[in-house]
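Heads up, the thing below is written out as structure tokens.
The values are calculated or read from the model by the stated rules, or taken from the named source; none is laboratory data. Please read all numbers here as calculations on a predicted model, not as lab measurements. Every residue, glycine among them, receives a Cβ derived from its backbone with ideal geometry; neighbour counts consider all protein chains shown. SASA here: full protein model, heavy atoms, side chains in, ligands and nucleic acids out. Shrake-Rupley method; radii C 1.70, N 1.55, O 1.52, S 1.80 Å.
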Amino acid sequence: MLVVGGLALGCQLAGRWLEVPAQAATAPAQPIIPYNRFPRMVQEYFVTQVRQAEQAGLARKAALKKRADARAYVNEVRAKIRRAFGPLPERTPLNPRITGTLDRDTYRVEKVIFESRPEFLVTANLYVPKGRTFPLPGVVVSCGHSANGKAMDSYQSVAQSLARMGYVTLIYDPIGQGERLQYTDDQLRPRHGNGVSEHILAGNQQFLTGEFFGAWRAWDGIRALDYLLTRPEVNPKQVGITGNSGGGTLTTWLCGLDQRWTMAAPACFITTFRHNLENELPADTEQCPPRALALGLDHDDFLAALAPKPIIILAKEQDFFDVRGAQESFARLKRLYTLLGVPDNIQLQVGPTNHGYSQENREAMYRWFNRVTSISDLQAEPALVLEKEADLRCTPAGQVAGLKSRPLPAFTRVRACELAVRRGVVAGKTLVTRVTQALKLPERQGMPDYRILRPVAQRSYPQAGATIYPVETEPGVFALVTRLYDHTHESRPPSGPRQAILYIADQSADEELRSEPLVRELLKAEPEIPLYACDVRGIGESRPDTCGKDQFFKPYGSDYFYAIHSIMLDRPYLGMKTLDVLRVLDWLAGFDHQEIHLAGRGWGALPAAMAALLSKQVTRVTLKNTLTAYDAIAQNEEYDWPLSAFIPSVLAQFDLPDVYRALETKQLRLIDPMGAVKPA
């Protein structure tokens, strides 16, 4: 019985399933340069997919001809945004408390803690003007990726300036920043840095349980507005949202999710999904809404959801968020607002400098909000005296963890347990249907086309010769298949015998043919059966060289980059890799290989397992270093597996032990299965 995270999942990993790998082969005397002949394949495939999604969205916008069309479109994108973000939680008591006050010349700062969810604490500073007649306009400020959150100089400048002009301003710490670190040690120090590192670690994990980190971030902003509107000093008919970078992201999402805002100013975020992809610019988990591209959404659509209310887009000429995308988004919105009869309610400001909420863009925001509210006629930022970070803290020890705030991974664990109980054991046709649907697998027909590359030599493979066959698994995508021979070969594989071995590599078929003990074991056990080794898309011969040098394995690197885009396209990356395996099996059938011993290692073990479940050709299965259960990742704060190995919402449908049980009928052998964290 396999017990993961306290749950008995009924998957036996003992006896004939569990074996110890053989000793590693001796490395060749001379280093062999790895092959990588398709380094742009994955990038260009995703560019094609995203361009198609963008063109579909543009065609829908071009069809708008009159005011009624524009109004219908606004309602349409609101509904799509809700589908992308999923159902929002119920409103629970905020339980706000004020832990301190700073009294300044024209305003006071209240140190506020509230609960956006039960026991999930949010730290914020409320800037309340003095000497004014209430109620006044209110503004929520969403911070970007700053280690000190609300205390960062430029974000302090926004909040303090707005207060001096007459706005009641609430600025709050994002998850993983300021006083809201989710992964701390006993001394409340960060265990995984802050900002991006925490966002990706927590956010990737949440996909397994069907949650989206961006929705959690947005819910904090919605509850911040809820709190602001409890204050008698605030006029509920005049409330704005602004933020820069990651805060610009949340400003954009909040425009799409909450129509109570009466004005908005997203800074240093608005571009297009296509520009981000083509420019090889990775983005945080929360910046990539699930299904957004499949639903035809782009950045401008989230702002369109707030139309016809006044919005200014704040961009930068030298920003890494492509200013061309900001201009394109503005043009699309200008046409929509014109159809709605308020063309002047949308504006674009392009500052001359690089990324950041610099003074010229802050001042453009002040002027825009003042135009809407008439609260002030100031055209420039007033003189400011910034506070020390410690003076703005809401918590005694500087972290909500010191107040026993529930860390986000604890919520994920609870959700995973609930899904396990609800899911139960999944088997038979139900399992096959759920796996097919979760992986978003298309229908397959016939034998795929393929190429024949020149035979390779002197690679120190277990046999003398080898030929590489790029098998086209879908237009523009190739699985690279190497067939070993005991002699040189320059043509298609010979037909027969009925049996064959297909090995799905962890990281590189070329390297693993030379060094992986499992390959030599398979050859030794069945010497008369041909062996094929396969790189599915994105590894080995098609490992991307994008997103910067040596970035493939980094949390923010190219493997993550395409995995997160696949989620926006509603086609999981693991599903694409499984399709590669299935199409290679179709290809092997064209050479009369009808009984396949399918083996996979590490990353390759997962698409191998899925394909083995779905293919009648597969009669034997060997998986080495495969993941024991997705639940093992959902139950742990720490995990080593990449987003490319995940299936969104998988734990609502099935788990890997269900697949392994089903594969017992195909003589499943598991070698050294792995939990969430790889052994030291």
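Remarks
- Residue list for the range 400-418, filter: more than 22 Å from the chain's Cα centre (by Cα) and assigned to a helix (DSSP H, G or I): VAL400, ALA401, GLY402, LEU403, CYS417, GLU418
- Checked against (1) touching a His at 6+ places or on another chain (Cβ under 7 Å); (2) more than 26 Å from ASP298 (Cβ to Cβ), ARG223 passes all but condition (1).
- Within the range 564-587, the set of residues being under 15 Å from ALA292 (Cβ atoms) and not hydroxyl-bearing (Ser, Thr, Tyr) comprises ILE564, HIS565, ILE567, MET568, LEU569, ASP570, ARG571, PRO572.
- Scope the range 289-331; condition crowded, with 19+ Cβ neighbours inside 10 Å and of a type in the set (S, T, N, Q); matching residues: SER329
- Some residue of the range 378-386 being open to solvent by 40 Å² or more (accessible area, probe 1.4 Å) and on the phi > 0 side of the Ramachandran plot: no
- Some residue of the range 545-566 being out of contact with any helix residue (DSSP H, G or I) (no Cβ under 8 Å at 6 or more places or on another chain), modelled with pLDDT of 95 or more and open to solvent by 10 Å² or more (accessible area, probe 1.4 Å): no
- Restricting the range 653-680 to residues that are among the hydrophobic types (A, V, I, L, M, F, W, C) and in contact with a Lys or Arg (Cβ under 7 Å, 6 or more places away or on another chain), the residue that is surrounded by the fewest Cβ atoms within 10 Å (Cβ to Cβ): ILE671
- Against the test of being of a type outside the set (S, T, N, Q), part of a loop (DSSP other than H, G, I, E, B), modelled with pLDDT of 95 or more and open to solvent by 70 Å² or more (accessible area, probe 1.4 Å), the options VAL421, VAL425 yield a single qualifying residue, VAL425.
- Each residue in the range 217-259 was checked for being among the charged types (D, E, K, R) and over 24 Å from the mean Cα position of the chain (by Cα), and 4 pass.
- Any hit, the range 446-459, residues being more than 25 Å from ALA634 (Cα to Cα), over 28 Å from the mean Cα position of the chain (by Cα) and acidic (Asp, Glu): yes
- Looking only at residues in the range 332-377 that are touching a helix residue (DSSP H, G or I) at 6+ places or on another chain (Cβ under 9 Å) and of a type in the set (Gly, Ala, Ser), the one that is surrounded by the most Cβ atoms within 10 Å (Cβ to Cβ) is GLY351.
- Residues that are open to solvent by 30 Å² or more (accessible area, probe 1.4 Å), in contact with a Phe, Trp or Tyr (Cβ under 7 Å, 6 or more places away or on another chain) and not acidic (Asp, Glu) do not occur anywhere in the range 44-65.
- Any hit, the range 579-586, residues being open to solvent by 10 Å² or more (accessible area, probe 1.4 Å) and over 24 Å from PHE654 (Cα atoms): yes
- Residue within the range 489-508 that is touching a His at 6+ places or on another chain (Cβ under 7 Å), at pLDDT 95 or above and of a type in the set (Gly, Ala, Ser) present: yes
- The lone exception for PRO87 - which of (1) over 26 Å from ARG415 (Cβ atoms); (2) free of Cβ contacts under 8 Å to residues at least 60 places away in the same chain; (3) open to solvent by 60 Å² or more (accessible area, probe 1.4 Å) it fails: (1)
- Here THR395 does not qualify as in contact with a Gly (Cβ under 9 Å, 6 or more places away or on another chain), among the polar types (S, T, N, Q), touching a residue at least 24 places away in the same chain (Cβ under 8 Å) and open to solvent by 60 Å² or more (accessible area, probe 1.4 Å).
- Residues of the range 340-352 that turn out to be of a type in the set (A, V, I, L, M) and part of a strand (DSSP E or B), as a count: 3
- Hits in the range 104-141 - residues which are in a loop (DSSP other than H, G, I, E, B), touching a strand residue (DSSP E or B) at 6+ places or on another chain (Cβ under 7 Å) and charged (D, E, K, R): LYS130
- Looking across ARG108, ARG97, one residue alone is at pLDDT 95 or above, more than 18 Å from GLN399 (Cβ to Cβ) and charged (D, E, K, R). It is ARG108.
- Residue under evaluation GLY144, criteria (1) touching a residue at least 60 places away in the same chain (Cβ under 8 Å); (2) assigned to a helix (DSSP H, G or I); (3) among the small types (Gly, Ala, Ser); (4) buried (at least 24 other Cβ atoms within 10 Å of the Cβ), criterion not met: (2)
- Any strands (runs of 3 or more DSSP E) falling wholly within the range 580-680 and containing at least 2 residues that are among the β-branched types (Val, Ile, Thr): 618-624
- In the range 258-288, residue most open to solvent (accessible area, probe 1.4 Å) [restricted to those that are under 19 Å from PRO642 (Cβ atoms) and among the acidic types (Asp, Glu)]: GLU280
So that you can scan it fast, the table gives a plain yes or no per residue for (1) more than 16 Å from the chain's Cα centre (by Cα); (2) free of Cβ contacts under 8 Å to residues at least 12 places away in the same chain:
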{"site": "GLY548", "(1), (2)": "yes, no"}
{"site": "LYS554", "(1), (2)": "no, yes"}
{"site": "MET568", "(1), (2)": "no, no"}
{"site": "GLY590", "(1), (2)": "yes, no"}
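- One residue stands out in the range 162-199 among those that are touching a residue at least 40 places away in the same chain (Cβ under 8 Å), of a type in the set (D, E, K, R) and part of a loop (DSSP other than H, G, I, E, B): the one that is surrounded by the most Cβ atoms within 10 Å (Cβ to Cβ), namely GLU179.
- You will find that of THR92, THR101, the residue that is in contact with a strand residue (DSSP E or B) (Cβ under 9 Å, 6 or more places away or on another chain) and either assigned to a helix (DSSP H, G or I) or without any contact (Cβ under 8 Å) to a residue 12 or more places away in the chain (or both) is THR101 and no other.
- Put simply, of LEU208, LEU228 the only residue that is at pLDDT 95 or above and farther than 19 Å from PRO572 by Cα is LEU228.
- Test: residue in the range 489-506 that is of a type in the set (Phe, Trp, Tyr), closer than 29 Å to PRO544 by Cβ, touching a residue at least 24 places away in the same chain (Cβ under 8 Å) and touching a Cys at 6+ places or on another chain (Cβ under 8 Å): yes
- Residue within the range 256-269 that is in contact with a Leu (Cβ under 6 Å, 6 or more places away or on another chain), touching a residue at least 24 places away in the same chain (Cβ under 8 Å) and more than 30 Å from ASN370 (Cβ to Cβ) present: no
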